[in-house]
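What follows is a single structure, written as structure tokens, with notes after it.
The values are calculated or read from the model by the stated rules, or taken from the named source; none is laboratory data. Note that this is a predicted model, so its numbers are computed, not measured. Virtual Cβ from ideal backbone geometry, glycine too; neighbours counted across all protein chains shown. For accessibility, only protein heavy atoms count, side chains too; no ligands or nucleic acids. Shrake-Rupley method; radii C 1.70, N 1.55, O 1.52, S 1.80 Å.
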Amino acid sequence: MTEKNLKILLGLLPFWTPWIPPLGISCLKSFLQEHGYRVKTVDANTEESFKDSYSRYFRVLKNVIPQDKQGNFYNIGHDLLQHHMMAHINHTDEKVYIELVETLAATTFFTGITTSGIRELNTIVSDFFYVFEDYFLGLLEGERPDVLGLSVFRGTVPASLFACKLAREAYPHMKIVLGGGIFSQELEPGSENLRYLLEDTPYVDYIDGVFVGEGEILFLKWLQGELPAGQKVYMPDHIDREVVDLGSVKPPDFTDFDLNRYLGIAVYSSRSCPFQCSFCAETVYWGKYRKKKARHVALRMRQLAETYHRRLFVMCDSLLDPVVTDLAREVLKTGMALYWDGYLRADKQACEPGMALLWRRGGLYRARLGVESGSRKVLELMNKNITLHQVKQSISTLARTGIKTTTYWVIGHPGETESDFRQTLDLLAELQDDIYEAECNPFRYFETGQVNSSEWKQNRKRVLLYPDNTRSLLLTRTWTLEGEPSRSETMERVNRFVCECSRLGIPNPYSLQEIDQADERWKKLHKNAVPSFLELTNKKDRIDESMELKPLLQGDNKFDAEGEFDF
Ligand code: SF4
């Protein structure tokens, strides 16, 4: 594997929502090209036929699941789709397969689905794989890579494994490797799931290697033949936890993608996170925290904006807090209004109006905030290190400057009682006008990979979510934790959370039309609201409103002519 003229094909397969071009494989392309390799990247998620399969699946699902059981529909529906696809590619007995899909639907949404509904969903999944097979073999035929590398996340596992099989059967000598976030979650090293996949299933013959964590150096050393032979799983320990120097690494290479097919452009300024929340896998995946110089990031954004005539950037950092202020200042210095969104903690610095206004002027468009719970006790159990007062202050402060506040909530964290959950609903109601959108997730437990995985494994009884005799179809075992709250309580709370949001008028938009409606609401609620998504993505209009934005007087919609903040 040491020749430099090797051709490498890196791909992201369905289903992954194509909001931004895939950052991971674009970073790898750039890095490996620097070291002399020929690399092509592909994102199958922008193919119209696959987008159509996805829309059809969710359209049918919406019709067959009673509305009061739909919960956070797209989020939970993805679990069903993923398991359904997995069962499809691994089944040999039609009757067993149909029964399993019924069980999956019943367990995921806590409701039954009619046989005709199941059949309709099965047809969509089977049509998808029929078209996908042609697409993927055509891709391999055209590219003829020596090495195929797939970036794998929860939603892309089934198509990726199916692609490994197709590639191995058509090109037995091609090297096939996998990386991506799934290997710090369900398929984390040390987990029974990964052991099973790589030892007890046919995929053992299709996959040559799995890279865990940051990919650049690991992949390069594997190509250069510097990693121990005979391994299947390559970990950061194999390279003494060496990580790329963000100060010198080249920017991601998007040249294989038509950026017009994406809504935003992916940028990053740091890797990993300085915090350690109990349910999170970011630090386990990325290792030690590192950041780029804010000036370099801002200049890169300006260059991308000029090249592609785009103003909206999605920051892919695990957390923006350590960089947000410097980045806003540096973006202001570019003299160009650039808009960017990213994950922020609802903590002390976001509570300061002067700080929020600086961020808004410097282009912070949307703050994605892990609020998680309205219960102080649950926040402590999560090791969130934020207070409820900070949560309220920061959301209201950001909203007042017009920054969209996307809030994420975890429902059913171990130890969450009914009273804790009610406090979450109370917090939603209290902040309703300052929340741009609310997205909830049922708590998910992984046997390894989360900061608290081993503690939970030791102290709580685990139960399998799906019958164990379906393992050869689903490949992974999904565990839930026994004790308060139960899985059914969690899912019932998810439904109640969604109903409460709907009653309060807090959106959770998934389509462009829903985003537009959410933006209209935001503008009505906040005079300093950021431009709507449609305004920003309409290339004809140049929008510069952020840089000169004036702060508002307390409690009113009037502009404060003299009330400049001091920064
Ligand atoms: S949840 Fe957010 S703040 Fe907590 S460890 Fe993960 S990335 Fe960091």
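Computed over the Cα atoms of region 1-159, the ratio of the radius of gyration to the Kirkwood radius (Rg/Rh) comes to 1.05. Here the convex hull built on the C-alpha positions of the chain has a volume of 144 cubic angstrom per residue. Relative to the 2.2 N^0.38 Å rule of thumb, region 285-433 has a C-alpha radius of gyration ratio of 1.13.
Overall, the accessible surface of region 160-308 at a probe of 1.4 angstrom is composed of carbon and sulfur to the extent of 49 percent. Taking every protein chain into account, the 1.4 Å probe leaves Ser454 with about 80 Å² of accessible area, to the nearest ten. Taking every pair of alpha-carbon atoms in region 244-367, give the share separated by more than 20 Å as a whole percent. That fraction is 44 percent. For Thr108, the shell of other residues with beta-carbons less than 13 Å away shows a net charge of +1, using +1 for Lys and Arg and -1 for Asp and Glu. Per q in 0.12, 0.17 1/Å, what log10 I(q)/I(0) does a Debye calculation on the alpha-carbon atoms of region 264-548 return? The Cα Debye sum returns log10 ratios of -0.81, -1.38.
Going by accessible surface with a 1.4 Å probe and the largest first, His296, His35, His88 read His296, His35, His88. Region 255-305 and region 367-422 have Cα centres spaced 23 Å apart. For Tyr510, the accessible surface of its heavy atoms amounts to roughly 70 Å² (probe 1.4 Å, protein chains only, rounded to the nearest 10).
If you roll a 1.4 Å probe over the heavy atoms of the protein chains, what accessible area per residue do you get for region 97-206, in Å²?
Each residue of region 97-206 exposes 37 Å² on average to a 1.4 Å probe.
Database note for the chain: Cys without another Cys beta carbon under 4.7 angstrom, Cys27, Cys164, Cys273, Cys316, Cys351, Cys440, Cys499, Cys501. Using only alpha-carbon positions in region 448-527, the gyration tensor eigenvalues give semi-axes of 37, 17, 14 Å once each is multiplied by 5 and square-rooted (largest first). Exposed loop sites here mean GluC sites (Glu not before Pro) with a DSSP loop assignment and at most 16 other beta-carbon atoms within 10 Å; the chain contains its longest site-free run at 243-481.
For the residue pairs Lys404/Lys527; Lys51/Lys292; Lys523/Lys550, alpha carbon separations beyond 23 Å are given by Lys51/Lys292. Alpha carbon centre of region 347-362 versus region 41-97: separation in Å? Value for the Cα centre distance between the two parts: 40 Å. Computed with a 1.4 Å probe over protein heavy atoms only, the accessible surface of region 454-551 comes to 54 Å² per residue. Summing charges over neighbours of Arg521, with a neighbour being any other residue whose Cβ is under 13 Å away from its Cβ, gives -4 when K and R count +1 and D and E count -1.
Given a Förster distance of 56 angstrom, what is the FRET efficiency for Asp68 paired with Asp134, based on the Cβ-Cβ distance and rounded to 0.05?
In this case the efficiency is close to 0.90.
All other residues whose Cβ lies under 12 angstrom from that of Asn383 are scored, Lys and Arg at +1 and Asp and Glu at -1, for a net of -2. Translational diffusion of region 49-128 was estimated from the Stokes-Einstein equation, with Rh taken as the Kirkwood radius over Cα pairs; at 10 °C and 1.306 mPa s the coefficient is 127 µm²/s. At the residue level, Lys7 shows approximately 50 square angstrom of accessible surface with a 1.4 angstrom probe and all protein chains present. For the chain, a crude dipole built from +1 on the beta carbon of Lys and Arg and -1 on the beta carbon of Asp and Glu, taken about the Cα centre, is about 980 debye to the nearest 20. As a length-normalised measure over Cα pairs under 8 Å and 6 or more apart, the relative contact order of region 1-86 settles at 29 percent.
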